[in-house]
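So the structure is just underneath, and the comments pick up after that.
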Amino acid sequence: MFTELNSILNTSPDSFTQGEFILVSDRQSDASFLIHHFLSFYLRARCKVCFLGLAQSFCHYGAVSQRLGVSLTQAKEKGQLVFFEGLKECLSVLLPKENNVESGAMNFLRDPPVGLRSLYEFVRSSMIGSGSMEEGAEQWGPNVLLVDDLSVLLSLGVDVGAVLDFSHYCRALVCSQMQGNMVMLVRCNKEEDDDDDGDEGSEVLLKGLTHQCNLNLHVQGLPTGYCKDIHGQMEVCWKRRQGDAPHMQKNLFQYKVHDKGASFFARGTSSAVL
C-alpha cells in the first residue's frame, strides 16, 4: 500500500468511497504496481476480495504483497481472498489431464461462442457466496473485484464487445448492487498518435472502460525518455457530478517505484531535477 497515493486520492483503509469503479491503464509503461497497491489496500481495509489474476501466478502476487506487508496465503486461508489463477486455468483447458480440476470459468477457450458468461458466474458466485456467513466466521467489509489484466482476454481471442459487456455486468453487480468497489487494469501498447490498427481492440476497450469508470489512473512513460530517478507519470482523472452536469478533474503526477512501495510527486518537483 502506497501512503502517498492514498493522500493524492484522499482515501485510507479506514475511510474510502464505496460503489466506485477504478480503472488502471497504461501506455508504453507498466501500471501493475498500482494493482499491487489496491490489493494490499483493500485487504488491509478488511474487504472481501475476489482477484482475477490473469497476467501472473499466485506466487508472483504473493511475493510482491509480502514486501508490502500483506500475506495473500493467510488472506485465502481466512476466506478474505478468492484468487482466480488464470494461467493455471488456461493450461487446464488447453492441456487437460485426468487430475486437473477446472472451475469452468475459461470455457470460452474451448467453446468461443460461450463468451465470458462462465467467468462472470465465477465472479458472481464468489461475491454472492461471501454474503452467507457461517456462525463464528469472520466478518468482512464491502466486496471488491480486482482484475489484472483485462487485456489478456483480448489476447485469448475474446471480442472487445464481450469484454466490455463483462465489465459492465461486473460493475452492475459489484458497484451498484453490492455497493462494493472494482479495480481493473487494461494495457495499450501503441503510441497515442499511432494510426496502426494492430492494437485497435485495446484502444476500443480503453475508451469503453474510461467511459464506465469513476476514477482513471493512467500511467505512461516520460515524454522526454528514460530517467533512472523518475520512472514515469500518472494522470489522475476523477469523474464527479456537480448538480445535473458531469464534472471531470485531472491532475498529473510523476512517480518512482521502489522495492517496497512508490513515491509520487508533482511534475518537475523530484529531487532529481531540482
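The values are calculated or read from the model by the stated rules, or taken from the named source; none is laboratory data. Since we're looking at a predicted model, the values are computed, not measured. Positions of Cβ are generated from backbone atoms using ideal geometry, with glycine treated the same way; all protein chains shown enter the neighbour counts. For the accessible areas, the whole protein counts, side chains as well, though only heavy atoms, and no ligand, DNA or RNA atoms are used. Shrake-Rupley method; radii C 1.70, N 1.55, O 1.52, S 1.80 Å.
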Segments classed as helices (runs of 4 or more DSSP H), wholly inside the stretch 1-97, with at least 1 members that are farther than 25 Å from residue 171 by Cβ: 3-9, 58-67, 72-77, 86-94
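In the set 23, 68, 52, which member is open to solvent by less than 50 Å² (accessible area, probe 1.4 Å), more than 16 Å from the chain's Cα centre (by Cα), under 30 Å from residue 222 (Cα atoms) and not hydroxyl-bearing (Ser, Thr, Tyr)? Explain how you work it out, then say what you get.
Numbers: 23 fails: more than 16 Å from the chain's Cα centre (by Cα); 52 fails: more than 16 Å from the chain's Cα centre (by Cα).
None of the others qualify; the one that does is 68.
If we scan the stretch 62-83, do we find a residue that is under 26 Å from residue 13 (Cα atoms), touching a His at 6+ places or on another chain (Cβ under 7 Å) and of a type in the set (S, T, N, Q)?
Restricting attention to the stretch 62-83, the residues satisfying the condition of being under 26 Å from residue 13 (Cα atoms) are 62-83.
Now narrow it down to the ones that are touching a His at 6+ places or on another chain (Cβ under 7 Å): 64-65, 68.
When the remaining residues are screened for being of a type in the set (S, T, N, Q), the result is 65.
Yes, that holds for at least one residue.
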Please verify whether the stretch 82-102 includes one or more residues that are closer than 18 Å to residue 186 by Cβ and either crowded, with 18+ Cβ neighbours inside 10 Å or without any contact (Cβ under 8 Å) to a residue 24 or more places away in the chain (or both). yes
Go through the stretch 5-60 and give me each residue that's over 25 Å from residue 124 (Cα atoms) and polar (S, T, N, Q). 6, 7, 10, 11, 12, 15, 28, 29
If we ask which residues in the stretch 224-265 are aliphatic (A, V, I, L, M), open to solvent by 30 Å² or more (accessible area, probe 1.4 Å) and either at pLDDT 85 or above or touching a Lys or Arg at 6+ places or on another chain (Cβ under 7 Å) (or both), their number turns out to be 3
